[in-house]
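Here is the structure we will look at.
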Amino acid sequence: MEEVVVLIVGAGPAGLTTAACVSQFSIPYVIVERENCSASLWRNRTYDRLKLHLAREFCELPHMPYPADTPTYIPKNTFIKYVDDYIECFAIHPRYLTVVESSTYDFNGKYWSIMAHDMAKCKIVNYRAKFLVVASGENSVENIPVIPGLENFPGVAIHSSCYKSGIDYSGRNVLVIGSGNSGMEIAYDLASHGANTSIIIRSPIHVMTKELIRLGMTLVHYLPLKMIDGLLLMMANAVFGDLSRHGITRPEKGPFVLKSETGRSAVIDVGTIGLIKKDKIKVHGRITKIKGKTIEFEGGKEASFDAIVFATGYKSTTNSWLKNDEDMLNSDGVPKKEFPNHWKGANGLYSAGLGRRGLAGIAMDAKNIANDIKRSIDSMCS
């Protein structure tokens with residue numbers, strides 16, 4: 001049994017920033033990570049052309065600014081280099097290949113009892129922690145919907161986490177399922193590499209430019225969200241026009257109100273809308289069934305495809321190992337409380353990076369958690 005003050009589960013940006021923030025108060029911690037590297041989602045499960053969708057001033061990790069020559073919209077590899085420098089700057093030493101298998105709270109001893117599997121050494125490690133930080137993220141396991149006939153589809157069917165570039169799909173008929181930022185950008189990448197590309201857009205979405213989102217995030221400090229939404233929607237109309245005839249409708253609530261209330265982000269266009277307007281990317285509705293290579297959509301329309309890319313997000317696996325968290329997480333492994341009060345549970349339990357607010361939200365969580373742990377420790381000593 002190893003006794004620790006703070007145990008942080010996950011060495012993505014959320015876990016690393018929490019480690020950096022608690023270290024500012026000289027609070028000892030241990031950080032464990034199931035993969036063999038930090039920020040594994042960014043390193044291993046993102047496509048080649050990815051850039052951070054928000055301007056760099058909204059993507060900075062606590063206590064370390066970006067170098068002066070960093071571009072406004074940061075490429076994936078530049079961000080990974082920043083993460084590596086962050087780890088070195090704060091002397092963070094994650095224990096890789098360590099999978100947490102169970103965690104329960106001892107109400108008598110007032111500590112968290114955590115059992116983990118050290119896969120490198122093939123042994124079980126037990127921790128006793130005063131504070132436990134869940135920083136394993138929302139993006140743990142790929143989410144692929146159940147579609148009748150998918151099991152018999154003879155072509156390539158992959159999750160977006162396995163997609164790297166459209167170069168391998170040139171001349172092939174490819175269907176992208178999912179119209180969030182990843183799905184829309186993958187569709188653009190496929191079409192740009194000569195694939196005959198289609199995308200399923202089932203739900204209303206807001207489409208914005210990165211400049212409009214940057215403007216909105218700047219105005220958040222000065223104007224009500226509804227007023228910002230009105231301004232952005234007027235400007236988006238001027239840029240994109242009416243997209244409903246292309247199969248794209250808008251939600252009733254504006255982009256910033258919707259983000260605030262549900263965590264759903266607007267789609268930041270990288271050129272996909274222009275290709276949809278030129279019919280170089282075809283838009284379809286919901287799938288009804290798959291028959292071999294033929295996919296049938298609502299309304300009876302059919303088309304043949306060689307490959308399917310599921311840009312359908314991820315699921316959290318936290319509930320498979322975390323117990324006694326009734327006050328903090330729901331059955332989907334995301335916070336019950338609304339932002340910005342989502343990060344704190346009971347009995348020294350915290351969550352970092354589960355508020356659906358991107359890197360800026362992660363930075364807020366890490367600072368809040370470190371400050372709260374510091375207050376708790378100070379109160380114990382007084």
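The values are calculated or read from the model by the stated rules, or taken from the named source; none is laboratory data. Please read these numbers as outputs of a predicted model, since none were measured by experiment. Note that each Cβ is placed from the backbone with ideal geometry, even for glycine, and that neighbours are counted across all protein chains shown. When the accessible area is computed, the model is the full protein with side chains, heavy atoms only, and any ligands, DNA or RNA have been set aside. Shrake-Rupley method; radii C 1.70, N 1.55, O 1.52, S 1.80 Å.
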If we scan the stretch 45-66, do we find a residue that is under 22 Å from LEU132 (Cα atoms), assigned to a loop (DSSP other than H, G, I, E, B) and among the basic types (Lys, Arg)? no
Can you name the number of the only condition in (1) free of Cβ contacts under 8 Å to residues at least 60 places away in the same chain; (2) of a type in the set (Gly, Ala, Ser); (3) surrounded by fewer than 18 Cβ atoms within 10 Å (Cβ to Cβ) that ALA91 fails? (1)
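Which residues, taken from the stretch 123-142, are loosely packed, with under 15 Cβ neighbours inside 10 Å and modelled with pLDDT under 95?
Pass one, the stretch 123-142, residues loosely packed, with under 15 Cβ neighbours inside 10 Å: 123-124, 126, 141.
If the condition is that a residue be loosely packed, with under 15 Cβ neighbours inside 10 Å and modelled with pLDDT under 95, then VAL141 is the only one that fits.
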Residue hits (the stretch 177-193; over 13 Å from GLY166 (Cβ atoms) and among the hydroxyl-bearing types (Ser, Thr, Tyr)) are SER179, SER182
Residue count, the stretch 189-229, condition basic (Lys, Arg) and at pLDDT below 95, comes to 1
Given the criterion in a loop (DSSP other than H, G, I, E, B) and either under 21 Å from the mean Cα position of the chain (by Cα) or polar (S, T, N, Q) (or both), identify the matching residue among THR104, THR78, THR70. THR70
Hey, PRO251 hits all of (1) touching a Leu at 6+ places or on another chain (Cβ under 8 Å); (2) not in a loop (DSSP other than H, G, I, E, B) but one; which does it fall short on? (2)
Number of positions in the stretch 272-287 that are within 28 Å of the chain's Cα centre (by Cα), more than 20 Å from ARG172 (Cβ to Cβ) and in contact (Cβ under 8 Å) with a residue 24 or more places away in the chain: 3
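Within the stretch 169-221, restricting attention to residues that are part of a helix (DSSP H, G or I) and free of Cβ contacts under 8 Å to residues at least 24 places away in the same chain, which residue is nearest to GLU296 (Cα to Cα)?
Here the answer is GLU211.
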Could you please find all residues in the stretch 328-380 being in a helix (DSSP H, G or I), crowded, with 18+ Cβ neighbours inside 10 Å and of a type in the set (S, T, N, Q)? ASN368
Does the stretch 268-277 include one or more residues that are part of a loop (DSSP other than H, G, I, E, B), surrounded by fewer than 18 Cβ atoms within 10 Å (Cβ to Cβ), modelled with pLDDT of 90 or more and not aromatic (Phe, Trp, Tyr)? yes
Do you know which of the residues in the stretch 94-122 that are more than 16 Å from ILE31 (Cα to Cα) and not hydrophobic (A, V, I, L, M, F, W, C) is surrounded by the fewest Cβ atoms within 10 Å (Cβ to Cβ)? ASN108
Could you tell me whether LYS110 is over 28 Å from PRO251 (Cβ atoms) and free of Cβ contacts under 8 Å to residues at least 12 places away in the same chain? no
Of the residues in the stretch 125-155, those that are touching a strand residue (DSSP E or B) at 6+ places or on another chain (Cβ under 6 Å) and more than 27 Å from VAL334 (Cα to Cα) come to PRO148, GLY149, LEU150, PHE153, GLY155
Checked against (1) over 30 Å from ILE158 (Cα atoms); (2) assigned to a loop (DSSP other than H, G, I, E, B), VAL5 satisfies every condition except (2)
Find all pairs meeting these conditions: Cβ atoms under 8 angstrom apart; at least six residues apart or on different chains; first residue within the stretch 334-352 and closer than 19 Å to LYS315 by Cα; second residue among the polar types (S, T, N, Q) and open to solvent by 20 Å² or more (accessible area, probe 1.4 Å). VAL334/SER316; LYS336/ASN330; TRP343/ASN368
Those residues of the stretch 303-320 that are over 28 Å from the mean Cα position of the chain (by Cα) and at pLDDT below 95 come to a total of 0
Could we say that GLY263 is over 25 Å from LYS336 (Cβ atoms), modelled with pLDDT under 95, surrounded by 13 or more Cβ atoms within 10 Å (Cβ to Cβ) and not assigned by the TED database to the domain that holds LYS51 here? no
